[in-house]
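Presented below is the structure to which this report refers.
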Amino acid sequence: MALLFIFLSLFSFGETTPTDEKVVGVFYLTPLFGHIHQSSARTSASLTTVQCGHPVKVIESSKVEVSSDWAYVQVADYKGFVLKYYLSPKRPECFQGKYPKFFDALNMDLAELYYWGRLYDHYVQNETRVK
């Protein structure tokens with residue numbers, strides 16, 4: 001019986017060690033729509049879709065490896081990755097805010113927001129193939 005109690009106390013109550021994550025700052029998404037990705041790849045699964053001007057917390061963690069082009073972020077309960085190029089320290093002037101009546105008249109559903117965000121994921125900016 002004593003062994004069972006020790007086993008349960010070790011594994012069922014979880015660890016109480018503090019996390020090593022630290023919030024570096026709050027940044028804002030700059031494209032019209034974007035995704036919080038599961039990993040630091042443009043083709044990785046999307047955890048959630050966010051709109052321009054949405055605040056994201058940039059997190060620093062020794063347990064998560066992040067490439068130089070990506071940021072490890074938290075949005076609500078989701079922790080994932082977003083391209084640093086799409087983040088701004090100041091809230092950008094967004095299309096949704098500038099033309100709210102027009103944007104609301106589009107009546108975009110969640111699936112459309114997802115696909116527009118995926119378009120930005122695959123759209124390569126500041127690169128050219130012209131020689």
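The values are calculated or read from the model by the stated rules, or taken from the named source; none is laboratory data. Remember, it's a predicted structure, so these values are computed and weren't measured experimentally. Here the Cβ is made from the backbone with ideal geometry for all residues, glycine too, and neighbour counts use every protein chain on show.
Quick notes
- Identity of the residue in the stretch 67-79, farther than 15 Å from residue 25 by Cα and in contact with a Leu (Cβ under 9 Å, 6 or more places away or on another chain), that ends up surrounded by the most Cβ atoms within 10 Å (Cβ to Cβ): 78
- Residues of the stretch 57-73 classified as polar (S, T, N, Q) and at pLDDT 95 or above, total: 0
- Residue ID - surrounded by the most Cβ atoms within 10 Å (Cβ to Cβ), chosen from residues in the stretch 17-66 that are farther than 17 Å from residue 119 by Cα and of a type in the set (Phe, Trp, Tyr): 27
- Screening residue 113 with (1) modelled with pLDDT under 90; (2) buried (at least 18 other Cβ atoms within 10 Å of the Cβ) gives one miss only, at (2).
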